[in-house]
Structure formats: structure tokens, C-alpha cells
Amino acid sequence: MNRAGAARIAFGQYKAWRVGTHGNSQPHEALVQVIRVPVHRDLDKNFIRTGDRVHEGLFGINQHWGYDMSESNIGSSSAGCLVGRTRKGHREFMSLVKSDRRYRENSQYIFRTAVIAGDDLVKSM
């Protein structure tokens, strides 16, 4: 959707999301980006961040559900967002998020998220 390439959030930890609403055709509760974060623009469409230009900004990189798409097709449910595959799982995630004491005391609380490479996660298990 962007001529510079798809946004792929840079690996790291960012305090940048607040409870809000994601989507137009199927609006639902999500964590919405409210602070600038760095992204790699995948201009060459190789799905590898190395060598890609890095841009920082408010890109609408939200944390939302993946519309119950299959595991082999989850990529088409997002344009750079952090996505949980199922509606049910995402609702459980949001329930957990909103049970956080900091959120209960301040509904404008900004949450932190760590973004890691999936292959690094598998190696550590």
C-alpha cells in the first residue's frame, strides 16, 4: 500500500500502544499506535529487514485480530500491524491487557511491546 514497501516494525521494545479501536469494515477493540516507532520498508519484497530503509513515524501499526484467517494466509490480514490470528484469541488478549492495574487506574495508559524475530523465539525453546 506504500510505494516505499510494506512496513515491518523494527525488532526491539517500544512503549507505543493504547487501548482503542481498529478497523473500518469490522471495527474492534485493539491496541492502537500512539507513539512513533521505526519500521523497515520492504521495497524489494523479500520479507527480510536487513538492508531495508528504516522510517520512523505514526503508521497505524496496531495490534488487532487476524480475521480468523488460516495459518498459511495470516499475512494478508495486515499491512504491517501486529496480528493475533483469531478473533477469540485476540479478545482474550485484550481482556488480559485491560486487567493490567496500570490500565485500570488510567484508561489512557500506553503499553509496551517487545517485537522479536519468530525464528529467534523458536531457537530459544
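Are there any chymotrypsin sites (Phe, Trp or Tyr not before Pro) in the range 1-104 that are in a DSSP loop and have at most 14 other Cβ atoms within 10 Å? List them by number.
Loop-located and lightly packed - PHE11, PHE47.
Check ILE9: other-chain or 5+ apart residues with amide H under 5 Å from its amide H, H built from backbone geometry?
Residues meeting the criterion, in which the H sits 1.01 Å from N, are HIS40.
For the chain, build the convex hull from the C-alpha positions and give me its volume per residue in Å³.
Working: hull volume 15.8 nm³, N = 125.
Hull volume over Cα atoms, normalised by residue count, gives 126 Å³.
Skipping prolines and chain starts, which residues have an amide H placed within reach, meaning under 5 Å, of the one on VAL34, given they are 5 or more residues away or on another chain?
Close amide H contacts, sequence-distant or interchain: TRP17, ARG18.
Could you work out the relative contact order of the range 6-117? I mean the mean sequence separation of Cα pairs under 8 Å and 6+ apart, divided by the number of residues, in percent.
The normalised contact order for the range 6-117 reaches 31 percent.
Report the GluC sites (Glu not before Pro) located in the range 51-113 that are in a DSSP loop and have at most 11 other Cβ atoms inside 10 Å of their Cβ, or state none. Mind showing how you got there, number by number?
Values: sites: GLU56, GLU71, GLU92, GLU105; in loops: GLU71.
Here the sparse-neighbourhood loop sites are GLU71.
Can you tell me the orientation of helix 87-98 relative to the chain, as the angle in degrees between its alpha-carbon axis and the longest Cα principal axis, to the nearest 10?
That works out to roughly 60 degrees.
None of the figures in this text is laboratory data; all of them are computed from the coordinates on show. This structure is a prediction, so every number in the text was calculated from the model and none was measured. Here Cβ is always computed from backbone atoms with ideal geometry, including for glycine, and neighbour counts include all displayed protein chains.
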